[in-house]
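Chemist: To start, I am sharing the structure in question, which I have written as structure tokens.
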Amino acid sequence: MQATAEPFESWFDTDSLDLQLKNAADPMPLFRSFLEQGQTILKEKFSCSTSAPLLVRARSWLVDQLLVRAWVIFMKEHAGDAAFVAVGGYGRSELMPGSDIDLLVLLPDIADERLKPGLESLLTFLWDIGLEVGHSVRTIEDCIEQSLADITVATNLMEARLLTGDTGLFARMRSSVAPDAIWNSRDFFEAKHREQIARHLKYNESAYTLEPNIKEGPGGLRDIQMIAWVTNRHFGTDSLDELVSHGFLTREEYHTLVGGRNFLWEVRFALHSLTGRGEDRLLFDYQRTIAEQFGFLDSADQLGVEAFMKQYYRTIMELSRLNEMLLQLFQEEILLPGGGGEIVPLNNRFQVRGGFIEMTDQWIFRNYPFALLEIFLLLEQNPELKGVRADTIRAIREHRHLIDDTFRKDLRARSLFMEIIRQPRGVTHELRRMNRYGILAAYLPVFGKITGLMQYDLFHAYTVDEHILFVVRNLRRLTLPEFSDELPLCSEVMATIPKPELLYLAGLFHDIAKGRGGDHSELGAIDARDFCERHDLSKYDTNLVVWLVRQHLLMSSTAQRQDISDPVVVNRFARTVEDPVRLDYLYLLTVADIRGTSSELWNTWKDALLRQLYSNTRNAFRRGLEDPLERAEKIRQVQEEARQRLADLTPPAEQPDRLWKTLDDEYFLRHTAEQVARHAQLLDGRPGTADCIVDARAVSEHGSTEVFIYTRAEDNLFTLITAVLEQLGLDIVDAGIITTADGHVLNTFHVLETSGEPVDNALRVEEIRTALLGQLTRKDKDEWHVSRRMPRQYRHFPIKTRIEFKQDPDDQRTVMELITVDHPGLLSQVGKAFTECGVRLLNARIATLGSRVEDIFQVTDQNDRPLEDAGQIACLEEALQKYLGSEPGTPASFVI
């Protein structure tokens, strides 16, 4: 590479620097000042809309001036004995504000010890003036040896640019690592392609996470560099424009590629400038600021940051399409010269060459528009195919405009799309390919509206289109034997589903109306009905898909927000579902939806809740909805089974009648027979004077760690227990508080580690038990303060605290729903409010959705009556406002 020749002299006053250096005893202050002034100039020019492509070259030129002068100062008479070389991004003259400055000191073949003192002083000086330098010192032989061993070294040297020093030495090094010496273009391409595949896997092959890496993620700057590296190695040029002259890109595609790269450069330059370091992750911390900087402002329909990120994701998608096409072209050019071997016909429109599908002639899509869908069906039906030939990818993109209303009404197109959905293999893979090529959005315009759409919260980890495709993927995995151990019950149910394609359609449409305003479930149901009727689905199938889309949140909401051990709750849910077939479909869709929302959202607790609700509802259907299980019958069943369990022990345990007389019906409704028997054992075996028992089980049937506490009823007990558990780093997902007639409590807490898994070892279980027992048996109980740190992302999502009270006259209690920002110590703060106002807690169901909690508390007054006294409710409002309204700085609102 040649040294940068941009005329930046008018930006940076190098003449003044040289004049001052002539008379300076210490050059460091001058270098440091010149660098700081230069960086200020670059920042000011960026704020005045100077383009990032110009600025990255300007920063490279600025650093060039400092390095060349420093080399002369420190190397003195030996300045011409070695070569000072820029490599990597600096070698390409693409220095971002926070980029490392990668340097190579190229030594002559025979080491000269006289160079060492100058080099050491030079490198120390560069760090001292504020340059973050990464350097290597090698001979030509070292360069060859390390390039052969590591493709990354070969890539860096391929981008080498001489700054100053021995030009002959530099030229010999370049020749020694050229393609005709090492890493020919075929080997180089194969290695770099493997490297990209591994990098994409690191990011789950998705660029659509909510905090993307703009450099390393799929579709990011590294993918563009990959194209440039292969172009350089094969064609001997570092100009992407050469891809047009070689027929690899059309002029329009070239402009799309460069435009996308420039946009990412703008974002990266802004990100480095904002953070003051080489930060390439577009974190929530910076997204709003950069969106405003780029002119994206909030509107009535959309946040400015969402509009900015939508442009980012769509840019990434377009770059991913170009990357795929170009890599395929390189594969055909480099790995399959001469056309790729024998042609094998598939039908009149498509054939296979070298394992890749292609058109039989260039007019196929113009003459047979339906072939724009047919090709994806053929890819599903022929799993041995490696992919699509590059000229066919380009033709698909160029003919997307043919997918219009007439196309969508064509029986052939409608039939092909349904066949794609019905195939036994490859559905997810081809839907993703259709999305990359722009075909899915063209055929389903409603899908196009959510392509690249982010939801600015911590609950959804992906853009809406990516989430939808993850849901379909999760459903498909349930059909594959190799994944049957992941979710055994789901796999069993999936095997009984009569028409899996209806489930995939529900997955495709369940969130398709996000971002429009209104209820996305209702709006999505309208879209689903329109699709099903246009594709000639039967009335029954149509109604099932529509119902699934409309009710896709029902099972999750019921399982996480209501007491699903209560027959009344189960019967009400069963009546809404109506029949076992709907239950099967809804259960599978619910599991796939939660698992596709965020990797952190799914856990064993949610798995157990959904399995329990599914099983209980199945039992309700078997019994018949006209003859529902009543609470009294449920209590009798639990007691009878618990008695049998105790009688079967060796020796038989004492029957628990005396204990049970102190407990109300609520206890037997909330606990299984196994739990009831275990509690009886624990209390029967306690020492006569023991007034406190703490028992913890590592993994319960509920998919959580179950903590049971028996002690005297006291004020602040809930506050103390929750504070201890939270300080131990545990997430509380459920709490049941039963008060006995003799003034004791039987508390059951279900907890998980912060990883979402139950406690997995005996030492940790004992730590929990010891910490609780130690605090509960102290006469002067400490007021614990939870000191866990709040995740950094939470401060970017202020959530207004909302508390709603509803009366439950059937159960003689008040239901309080709390929505607020999740933060350490939340439950203990709520417990303090209850204690201050004389409120008794019966049950708590904890649901955390990213940074947002939606907790349900069932409470009464001290006389076990619903909260009806206006003064008591006002007290609770004031106390909750005091403890929660300031988290995170917004007032609370109350609904009675």
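Chemist: For segment 288-314, which residues satisfy the criterion of being in contact (Cβ under 8 Å) with a residue 60 or more places away in the chain, farther than 14 Å from Gly515 by Cβ and either open to solvent by less than 30 Å² (accessible area, probe 1.4 Å) or among the aliphatic types (A, V, I, L, M) (or both)?
Modeler: The answer is Tyr312, and nothing else.
Chemist: Across segment 100-135, what is the total count of residues that are modelled with pLDDT under 95, open to solvent by 20 Å² or more (accessible area, probe 1.4 Å) and either within 26 Å of Ile224 (Cβ to Cβ) or not in a helix (DSSP H, G or I) (or both)?
Modeler: Here the count works out to 11.
Chemist: Can you name the residue in segment 691-712 that is open to solvent by 30 Å² or more (accessible area, probe 1.4 Å) and of a type in the set (Asp, Glu) and, of all such residues, is modelled with the highest pLDDT?
Modeler: The qualifying residue modelled with the highest pLDDT is Asp691.
Chemist: Identify, from the list Leu453, Leu416, the residue that is assigned to a helix (DSSP H, G or I) and open to solvent by less than 30 Å² (accessible area, probe 1.4 Å).
Modeler: On the way: Leu453 fails: assigned to a helix (DSSP H, G or I).
After applying the criteria, what remains is Leu416.
Chemist: Residues of segment 610-633 being under 18 Å from Phe668 (Cα atoms), in contact with a helix residue (DSSP H, G or I) (Cβ under 6 Å, 6 or more places away or on another chain) and at pLDDT 90 or above, which ones?
Modeler: Leu613, Asn616
Chemist: Return the residues of segment 32-76 that are of a type in the set (Gly, Ala, Ser), touching a residue at least 40 places away in the same chain (Cβ under 8 Å) and open to solvent by less than 10 Å² (accessible area, probe 1.4 Å); say none if nothing qualifies.
Modeler: Hits for segment 32-76 are Ala52, Ala58, Ser60, Ala70.
Chemist: Which one of Arg529, Arg534 is open to solvent by 60 Å² or more (accessible area, probe 1.4 Å) and more than 33 Å from the chain's Cα centre (by Cα)? First the steps, then the outcome.
Modeler: Details: Arg529 fails: more than 33 Å from the chain's Cα centre (by Cα).
Exactly one of Arg529, Arg534 is open to solvent by 60 Å² or more (accessible area, probe 1.4 Å) and more than 33 Å from the chain's Cα centre (by Cα), namely Arg534.
Chemist: Would you please list the contacts, defined by Cβ atoms under 6 Å and residues six or more apart or on different chains, that run from a residue in segment 258-274 that is more than 25 Å from Glu36 (Cα to Cα) to a residue that is open to solvent by 20 Å² or more (accessible area, probe 1.4 Å) and hydroxyl-bearing (Ser, Thr, Tyr)?
Modeler: Here the result reads Gly260/Thr315; Phe263/Thr315, each pair linking segment 258-274 to a residue that is open to solvent by 20 Å² or more (accessible area, probe 1.4 Å) and hydroxyl-bearing (Ser, Thr, Tyr).
Chemist: In addition: Taking the condition of being open to solvent by less than 30 Å² (accessible area, probe 1.4 Å) and in a helix (DSSP H, G or I), how many residues in segment 136-160 meet it?
Modeler: 9
Chemist: Scanning segment 723-763 for residues that are over 29 Å from the mean Cα position of the chain (by Cα) and in a helix (DSSP H, G or I), which turns out farthest from Lys779 (Cα to Cα)?
Modeler: Ala762
Chemist: Val446 fails exactly one of the following numbered conditions: (1) open to solvent by less than 20 Å² (accessible area, probe 1.4 Å); (2) touching a helix residue (DSSP H, G or I) at 6+ places or on another chain (Cβ under 8 Å). What is the number of that condition?
Modeler: The failed condition is (1).
Chemist: Every residue in segment 830-844 that is closer than 18 Å to Leu725 by Cα and either touching a Ser or Thr at 6+ places or on another chain (Cβ under 6 Å) or surrounded by fewer than 21 Cβ atoms within 10 Å (Cβ to Cβ) (or both), please. Explain how you work it out, then say what you get.
Modeler: First pass over segment 830-844, keeping only residues closer than 18 Å to Leu725 by Cα: 830-832, 841, 843-844.
Result: Gly831, Lys832, Asn843.
Chemist: Determine whether segment 644-662 contains at least one residue that is closer than 30 Å to Leu589 by Cα, touching a Pro at 6+ places or on another chain (Cβ under 9 Å), buried (at least 16 other Cβ atoms within 10 Å of the Cβ) and not basic (Lys, Arg). Walk me through it before giving the result.
Modeler: From segment 644-662, those closer than 30 Å to Leu589 by Cα are none; that's our starting set.
No, that holds for no residue.
Chemist: Out of all the residues in segment 336-351, which are modelled with pLDDT of 95 or more, surrounded by 15 or more Cβ atoms within 10 Å (Cβ to Cβ) and over 15 Å from Arg412 (Cα atoms)?
Modeler: Within segment 336-351, Leu346, Phe350, Gln351 qualify.
Chemist: Given the structure, is Leu458 among the hydrophobic types (A, V, I, L, M, F, W, C), over 28 Å from Asp301 (Cα atoms) and modelled with pLDDT under 95?
Modeler: Values: among the hydrophobic types (A, V, I, L, M, F, W, C): yes; over 28 Å from Asp301 (Cα atoms): no; modelled with pLDDT under 95: yes.
Taking the combined requirement at face value, the residue does not satisfy it.
The values are calculated or read from the model by the stated rules, or taken from the named source; none is laboratory data. Since the model is a prediction, treat every value here as computed from it, not as a measurement. Note that each Cβ is placed from the backbone with ideal geometry, even for glycine, and that neighbours are counted across all protein chains shown. We work out accessible area using only protein heavy atoms, side chains counted, and drop any ligands, DNA or RNA first. Shrake-Rupley method; radii C 1.70, N 1.55, O 1.52, S 1.80 Å.
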